[in-house]
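What follows is a set of notes on a single structure, which appears directly below.
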Amino acid sequence: MAGNTESGGGRRRRFWRIAPWVIAALILLLPLIAMQFTDEVVWDETDFAVIGAMLFGACGAYELAARMTGNIAYRAAVGVAVVAAFILIWINLAVGIIGSEDQPANLMYGGVLAVGILGALIVRFQPHGMARALAATALAQALVGVIALIAGLGSTGANWPGAIVVLTGFFALLWLVSAWLFRKAAREQTSAGAAP
């Protein structure tokens, strides 16, 4: 009976390790399928190479986190952060947040990602430090939005200022959710260390 339970748990773990890769493959196939039915989707080899590299990087980052720890909160925090980074890059490459994708002000979002990456490296991916790094990333995200609004960047765009306000709030919320999950992982780690 115990063997069956362990086997079932192993299958579940394997499923959650494989699921991001399967989802990534499906995301990569969607435009290919859509191109067969509509002229609205027109991707070339470069588009597929860029999204493929992004998906590979995102799945690889999650896989690395899954191998580092069995802590569910830590894995979830990494998952939220990776998804947020992926969507932020994708939106900026596709249409841009500030004005259009050609607006140089969108490069400020690279700074947001740099805050998160450098913060993670500085704290050596420890959950308590990661909570602070992701909170700083949320602050950087908000700061970019405020700068864009105050400076009127992208004000010629059809969705200005709504797109900036909504997307800044959306991404800041994702970074804060990730920070909260890292904080939860840190508390669980501390509790496990204190247990006899």
Count, please, the residues in segment 133-157 that happen to be under 12 Å from L176 (Cβ atoms) and open to solvent by 80 Å² or more (accessible area, probe 1.4 Å).
1
Per the list (1) touching a residue at least 60 places away in the same chain (Cβ under 8 Å); (2) more than 19 Å from A58 (Cβ to Cβ); (3) open to solvent by less than 80 Å² (accessible area, probe 1.4 Å), residue check on P161 breaks on (1)
Look through A85, A81 and report the one residue that is closer than 18 Å to W175 by Cβ, of a type in the set (G, A, S) and touching a Ser or Thr at 6+ places or on another chain (Cβ under 6 Å).
A81
Does segment 179-191 contain at least one residue that is touching a Leu at 6+ places or on another chain (Cβ under 7 Å) and over 22 Å from V95 (Cβ atoms)?
yes
Kindly indicate whether any position in segment 108-122 is modelled with pLDDT of 95 or more, over 24 Å from W180 (Cβ atoms), out of contact with any strand residue (DSSP E or B) (no Cβ under 9 Å at 6 or more places or on another chain) and surrounded by 15 or more Cβ atoms within 10 Å (Cβ to Cβ).
yes
For the subset of segment 36-66 comprising residues that are under 23 Å from F15 (Cα atoms) and of a type in the set (F, W, Y), which member is nearest to the chain's Cα centre (by Cα)?
Y62
For L64, the lone unmet condition from (1) open to solvent by 60 Å² or more (accessible area, probe 1.4 Å); (2) under 19 Å from A84 (Cα atoms); (3) at pLDDT 90 or above is (3)
Could you give every pair whose Cβ atoms fall below 6 Å, whose first residue belongs to segment 69-88 and is closer than 16 Å to V115 by Cβ and open to solvent by 40 Å² or more (accessible area, probe 1.4 Å), and whose second residue is acidic (D, E) and not in a helix (DSSP H, G or I), counting only separations of at least 6 or pairs across chains?
none
May I ask you to say which residue of G70, G99, G129, G79 is farther than 30 Å from R14 by Cα and among the small types (G, A, S)?
G99
Name the residue, out of T168, T156, that is modelled with pLDDT of 95 or more and not aliphatic (A, V, I, L, M).
T168
Counted residues, segment 175-196 - those being open to solvent by 40 Å² or more (accessible area, probe 1.4 Å), in a helix (DSSP H, G or I) and not polar (S, T, N, Q):
10
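The values are calculated or read from the model by the stated rules, or taken from the named source; none is laboratory data. Since the model is a prediction, treat every value here as computed from it, not as a measurement. FYI the Cβ positions are ideal-geometry reconstructions off the backbone, even for glycines, and counts take in every protein chain you see. Each accessible area value is taken on the protein alone, full model and side chains, heavy atoms only, with ligands, DNA and RNA left out. Shrake-Rupley method; radii C 1.70, N 1.55, O 1.52, S 1.80 Å.
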